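The values are calculated or read from the model by the stated rules, or taken from the named source; none is laboratory data. What you see is a predicted model; the values in this text were computed from it and never measured. Heads up, the Cβs are rebuilt from the backbone with ideal geometry, glycines too, and the neighbour counts pull from every protein chain shown. Calculation scope for accessible area: heavy atoms of the full protein, side chains included, ligands and nucleic acids excluded. Shrake-Rupley method; radii C 1.70, N 1.55, O 1.52, S 1.80 Å.
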Amino acid sequence: MSRVFAIANQKGGVGKTTTAINLAAALASERSQNPGHRLRPPRQCHQRSRHSQGSQSPSLYHVILGDASPRDATVATAFDGLYVISADKNLVGANLELVDIPNREFRLRERIQGIRDQYNFILIDCPPALDLLTLNALIAADSVLVPIQCEFFALEGVSELMDTIDRIRDAFQHPLQVEGILLTMYDDRTNLTRQVAADLREFFKDEVFTTIVPRSVRLAEAPSFGKPILAYDPRSKGAESYIRLAKEILDHEQNRESSQGAR
């Protein structure tokens, strides 16, 4: 059975797309190096990718609001084992078009249901808003991964997202889990960064990933070359951090499977 992650935070510029791209690449890399993990190629259901720009393949918009199947919308990338379903400009208006559609909150879950068993991990990169698209992603997901930048309003923003997750659990009887909170663009030279990180760990405890993604020029450069950081600079600190994150998530999966098997 696959695991679907929504990568969400209503605040923009915290590393959601960077995490979606590079975590997917790291999971694909772990699959090729460690066959025992039994990873099939991960798929992202929303990614801005140079590789897919100009492609004639259907986009996520056509998957959610049209008749395109996720399989037909899949685009292979130059990175082995990494596939995407791209976003396009039409997705901007999807929130308005979804309003009058029956069961509008379940569109994405229904559309990807047919491909779930083909992949171990499906990553959904959410927009920076708690809108209908994000709601679709959260209901389609088993777990939510929350990238967060260590800044003054970080704790308030993530607390609002956690409240939203609780409401989704209650309103839709959906057992959405928190996969973890990921500290991104971390700069340990500043007191504010260290203090916010300490506050997040004190408040959310084990829900905060051990892995920290540092502020990195190489991570910022990689998208302009159309590459994940593992292909652009595999020895950089950014690449190392996403490899550690992938391993941490795989450990979560192994522990989850072990606990389910023991029941």
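Every condition in (1) modelled with pLDDT under 95; (2) within 27 Å of ASP100 (Cβ to Cβ) holds for ASP199 except the one numbered (2). Whenever a residue of the range 72-86 is within 13 Å of LEU27 (Cβ to Cβ), its partners that are open to solvent by less than 10 Å² (accessible area, probe 1.4 Å) and of a type in the set (A, V, I, L, M), lying with C-beta atoms within less than 8 angstrom and at least six residues away or across chains, give the pairs PHE79/ALA25; PHE79/ALA28; ASP80/ALA28; GLY81/ALA28; LEU82/ALA24; LEU82/ALA25; LEU82/ALA28. In the range 177-212, the residue that is nearest to the chain's Cα centre (by Cα) out of those that are farther than 22 Å from GLU240 by Cα and surrounded by 19 or more Cβ atoms within 10 Å (Cβ to Cβ) is LEU200. Mind checking which residues of the range 87-106 are open to solvent by 40 Å² or more (accessible area, probe 1.4 Å) and closer than 22 Å to ALA24 by Cβ? Passing the criteria: only ASP88.
Conditions tested, residue by residue: (1) modelled with pLDDT under 90; (2) out of contact with any Lys or Arg (no Cβ under 6 Å at 6 or more places or on another chain); (3) among the acidic types (Asp, Glu); (4) within 25 Å of PRO228 (Cβ to Cβ).
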{"position": "GLN56", "(1), (2), (3), (4)": "yes, yes, no, yes"}
{"position": "LEU65", "(1), (2), (3), (4)": "no, yes, no, no"}
{"position": "ILE101", "(1), (2), (3), (4)": "no, yes, no, no"}
{"position": "PHE106", "(1), (2), (3), (4)": "no, yes, no, no"}
{"position": "LEU145", "(1), (2), (3), (4)": "no, yes, no, yes"}
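For the range 114-132, a residue qualifies if it is outside any loop (DSSP other than H, G, I, E, B) and buried (at least 24 other Cβ atoms within 10 Å of the Cβ), and the qualifying residues are ILE122, LEU123, ILE124, ASP125. The residue that is surrounded by the most Cβ atoms within 10 Å (Cβ to Cβ), among those in the range 215-254 that are free of Cβ contacts under 8 Å to residues at least 12 places away in the same chain, of a type outside the set (A, V, I, L, M, F, W, C) and closer than 18 Å to LEU182 by Cβ, is GLU240.
Table: residues versus (1) polar (S, T, N, Q); (2) out of contact with any strand residue (DSSP E or B) (no Cβ under 6 Å at 6 or more places or on another chain); (3) at pLDDT 90 or above.
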| site | (1), (2), (3) |
| --- | --- |
| TYR61 | no, yes, yes |
| ALA73 | no, no, yes |
| ASP80 | no, yes, no |
| ILE85 | no, no, yes |
| LEU91 | no, yes, no |
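Entry remark, the range 219-235: residues being closer than 13 Å to ALA26 by Cα and of a type in the set (Gly, Ala, Ser) number 1 in total.
Hey, any hits in the range 148-158 for a residue that's open to solvent by less than 10 Å² (accessible area, probe 1.4 Å) and more than 17 Å from LYS11 (Cα to Cα)? The answer is no; no qualifying residue exists.
Can GLN113 be described as within 20 Å of ILE212 (Cβ to Cβ) and of a type in the set (S, T, N, Q)? Judged against the criteria, GLN113 is not a match. The residue list LEU108, LEU98 contains one member that is out of contact with any Phe, Trp or Tyr (no Cβ under 8 Å at 6 or more places or on another chain), closer than 19 Å to ALA20 by Cα and among the aliphatic types (A, V, I, L, M), which is LEU108.
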